[in-house]
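The values are calculated or read from the model by the stated rules, or taken from the named source; none is laboratory data. Keep in mind the model is a prediction, meaning the values are calculated, not measured. In this analysis, Cβ positions are derived from the backbone assuming ideal geometry, glycine residues included, and neighbour counts consider all displayed protein chains.
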Amino acid sequence: MKNEDLLTSNLFGHLATLGEDGSVQSTPVWFRYLNGKLEVNSAKGRLKDRNMRANPQVALSVVDPKNGYRYLELRGKVVEIEEGPQRRENDRRAGQGLHGCGDLPIPPAGRATGALRD
């Protein structure tokens with residue numbers, strides 16, 4: 001896939017979801033790409049979380065900060081929404097790899113992870 005290196009860089013992506021009225025909602029998100037699966041994190045109950053649960057069609061774009069004309073876009077369906085102990089472990093691992101932050105800034109009890117395959 002062209003520009004696949006952007007998926008393994010410590011960058012933010014923009015996740016586009018569809019609202020119940022069909023309107024597009026786009027949000028900057030942290031993500032992790034591992035073994036062909038893209039994972040994004042959201043606070044449970046936020047608009048993007050509600051949108052992904054109601055309509056699993058999403059898209060994620062990542063732009064190269066050194067060249068705004070170089071980007072990657074993925075489109076697909078959310079195939080899993082993870083909550084509970086395994087999600088907490090994924091948050092911990094994602095936080096270590098994303099911008100070196102260690103932990104994600106939203107309390108673990110309120111997080112959900114959506115997994116996407118194209």
Report task. Among the numbered conditions (1) of a type outside the set (S, T, N, Q); (2) surrounded by fewer than 18 Cβ atoms within 10 Å (Cβ to Cβ); (3) modelled with pLDDT of 75 or more, tell me where residue 40 comes up short. Result -> (2)
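So is residue 91 of a type in the set (Asp, Glu), touching a helix residue (DSSP H, G or I) at 6+ places or on another chain (Cβ under 7 Å) and either surrounded by fewer than 19 Cβ atoms within 10 Å (Cβ to Cβ) or at pLDDT 90 or above (or both) or not?
Numbers: of a type in the set (Asp, Glu): yes; touching a helix residue (DSSP H, G or I) at 6+ places or on another chain (Cβ under 7 Å): yes; either surrounded by fewer than 19 Cβ atoms within 10 Å (Cβ to Cβ) or at pLDDT 90 or above (or both): no.
Here the answer is no, as residue 91 does not meet what is asked.
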Query raised in the report: Name the residues in segment 5-37 that are in contact (Cβ under 8 Å) with a residue 40 or more places away in the chain, exposed (fewer than 12 other Cβ atoms within 10 Å of the Cβ) and not polar (S, T, N, Q), would you?
Result: 36
Query raised in the report: Restricting the search to segment 38-61, which residues are in a strand (DSSP E or B), free of Cβ contacts under 8 Å to residues at least 60 places away in the same chain and under 18 Å from residue 79 (Cβ atoms)?
Result: 57, 58, 59, 60
Report summary line: Flagged in segment 49-70 as surrounded by 15 or more Cβ atoms within 10 Å (Cβ to Cβ) and either modelled with pLDDT of 90 or more or not charged (D, E, K, R) (or both), in numbering order, are 50, 51, 52, 55, 56, 58, 59, 60, 61, 62, 63, 64
